[in-house]
1. Of all the residues that make up the stretch A:8-29, how many are assigned to a loop (DSSP other than H, G, I, E, B), of a type outside the set (Ser, Thr, Tyr) and more than 22 Å from A:Leu63 (Cβ to Cβ)?
2. Please state which one of A:Val5, A:Val32 is on the phi < 0 side of the Ramachandran plot, within 14 Å of chain B (Cβ to nearest Cβ) and part of a strand (DSSP E or B).
3. Please indicate, with yes or no, whether at least one residue in the stretch A:160-180 is in contact (Cβ under 8 Å) with a residue 12 or more places away in the chain, touching a Pro at 6+ places or on another chain (Cβ under 7 Å) and either closer than 29 Å to A:Gln87 by Cβ or within 11 Å of chain B (Cβ to nearest Cβ) (or both).
4. Hey, any hits in the stretch B:16-37 for a residue that's farther than 15 Å from B:Glu165 by Cβ and in contact with an Asp or Glu (Cβ under 8 Å, 6 or more places away or on another chain)?
5. Only one of (1) crowded, with 17+ Cβ neighbours inside 10 Å; (2) in contact with a helix residue (DSSP H, G or I) (Cβ under 7 Å, 6 or more places away or on another chain); (3) more than 25 Å from A:Arg105 (Cβ to Cβ); (4) not aliphatic (A, V, I, L, M) is not met by B:Thr178, so which one is it?
6. Quickly run through the stretch A:155-177 and pick out the residues that are in a loop (DSSP other than H, G, I, E, B) and either among the acidic types (Asp, Glu) or more than 15 Å from the chain's Cα centre (by Cα) (or both).
7. What is the number of the single condition among (1) under 14 Å from the mean Cα position of the chain (by Cα); (2) among the acidic types (Asp, Glu); (3) surrounded by fewer than 22 Cβ atoms within 10 Å (Cβ to Cβ) that A:Glu152 does not meet?
There are 2 protein chains.
Amino acid sequence: MKVCVLYSGGKDSSLMAVILHKLGYQVELATVNFGIFPSWKPAAQSAHNLGFSHQILKADTSLLDETVEMILNDGFPNNGLNHIHSQTMKIAAENYSVVADGTRRDDRVPKLNSNQIRSFEDSKQVQYLNLAGFGHKTIDKLSMRLFEVKKELTSKDNNSDYEIEIRYLIDQLRGDKTASRIFPEHIQSRVIGWRKNE
Amino acid sequence: MKVCVLYSGGKDSSLMAVILHKLGYQVELATVNFGIFPSWKPAAQSAHNLGFSHQILKADTSLLDETVEMILNDGFPNNGLNHIHSQTMKIAAENYSVVADGTRRDDRVPKLNSNQIRSFEDSKQVQYLNLAGFGHKTIDKLSMRLFEVKKELTSKDNNSDYEIEIRYLIDQLRGDKTASRIFPEHIQSRVIGWRKNE
C-alpha cells in the first residue's frame, strides 16, 4: 500500500504522513518543483529529519506559467493556488494509486470541493486522502506533541509551498515588489524533526 | 489526551478509534442508549474484542421521542438521524474535551455541516474529529487489512446504530410493519475483532 503525500514540510502534511505511516502505508513524500527555484529543499530536509523518503515531483513550467497568469489577472492567489494544486495531484496520480495531502477541515485554499474530489478519484482511478476530519486546534496540539516545530517568517529559503516559485516568477515578470503585494508576509510552522520523546 | 469516540461496532467508527489510539489518544468508546432496547450490546462486544474500553452513554428518552416524532412526520429518517446524532455529540461533550465519530467523506446522514461543526466546537469548548478525510473505498481497504469483519443483514441483535431503538419505539407506537417501511433492510459490516496478523 504505497501512498504519495504532497509535502511542504509543514505540520499538516507531516501529520498526514505520520497517520498513514501508522496505518501501515508505505509513505513517499513528494514536493512539486518547476525548476525555477529549488524551493523543495526545506521540505526535503523536514522529510529527512522525520525519516520519510522524499522526492521532487517535476512539473512542466507551463503549469507555473498558467498559475501566475491566473493570479496576476485575478490580483489574488486563490484560484491560481487551487489550479496548481489540483494539477499537481494529477501528476502524483500518474505514479500512485493513493494520493494524499495535508488539507484540513478549516483550510480554504488550496482545497478541492467534494465534486472535484469525486471527479479526481474516478477519472484517475486513485484514492485521495486528506486531513479534513481534523480542525486546526487538534492539528496544532498533535503537532506539538509529535514534532519539533520552528515558527518563523516565511521566506524563499525556509518554505516549500507553491507560493515560492510563483512569487519568484511574478517578480521576474513584474519587478521585485509585485509578489509581496499579492502574498502578504506570514508566520509558518515548519517541522524540523521528531520531538525527543517520540 | 482522552477522546470519546461515538461507537457503533462498524468499520468506520472502529477505524477512527484505531487512528486516534495510534496517535496517542486515550480512546474511550461510547454507544448511546435510551433504555428502550439494549442495542449497545453488539458495539460493546466489538469494542471488547478490539481491546478498547466501552461505555453506555445514557440519554433521556425525550430525545428518542423527539427523533421518532420527526421521522414519523417526515416519513423518512434523515432529519431525525441528524438530530439524534448532534444531540448525542453534545451529551458526550459534557464529559470529554475531544469527541469523535466515524463520519466519512461520502457519508450523507448523520453528518454535521461545517457551520454545525464550528458551532459545536465553539459552544461546547471541544474538539470534534471524524473520518471526513477518507472515502469509502479507502476505509473498506483499511478495514479489511485491520479487522475481522462480518457482513450480515442488519437486525436488532447485531447492530448498535440509533436506528435500532428508533425502530423499536416506532413499532411500539404504530405497529410492527411501520419501521421497516421507513428503514429498508441493509447489509452491514460489523467489526468482530482484529485480523490475525494485526
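1. Total satisfying the criteria: 2.
2. Values: A:Val32 fails: within 14 Å of chain B (Cβ to nearest Cβ).
Testing whether each residue is on the phi < 0 side of the Ramachandran plot, within 14 Å of chain B (Cβ to nearest Cβ) and part of a strand (DSSP E or B) leaves just A:Val5.
3. Yes, that holds for at least one residue.
4. Within the stretch B:16-37, one or more residues are farther than 15 Å from B:Glu165 by Cβ and in contact with an Asp or Glu (Cβ under 8 Å, 6 or more places away or on another chain).
5. It fails just one condition, (1).
6. Of the residues in the stretch A:155-177, the ones in a loop (DSSP other than H, G, I, E, B) are A:155-161, A:175-177.
Listed by number, the residues that qualify are A:Ser155, A:Asp157, A:Asp161, A:Gly175, A:Asp176, A:Lys177.
7. (1)
Listed here are the residues, each with its yes/no results for (1) part of a strand (DSSP E or B); (2) surrounded by 16 or more Cβ atoms within 10 Å (Cβ to Cβ); (3) at pLDDT 95 or above; (4) hydroxyl-bearing (Ser, Thr, Tyr).
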site	(1), (2), (3), (4)
A:Asn82	no, yes, yes, no
A:Met89	no, yes, yes, no
A:Asn95	no, no, yes, no
A:Thr103	yes, yes, yes, yes
A:Pro184	no, no, no, no
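The values are calculated or read from the model by the stated rules, or taken from the named source; none is laboratory data. The structure presented is a predicted model; accordingly, all values stated were derived computationally and were not measured. Please note: Cβ atoms are built from the backbone with ideal geometry, for glycine as well, and neighbour counts cover all protein chains shown.
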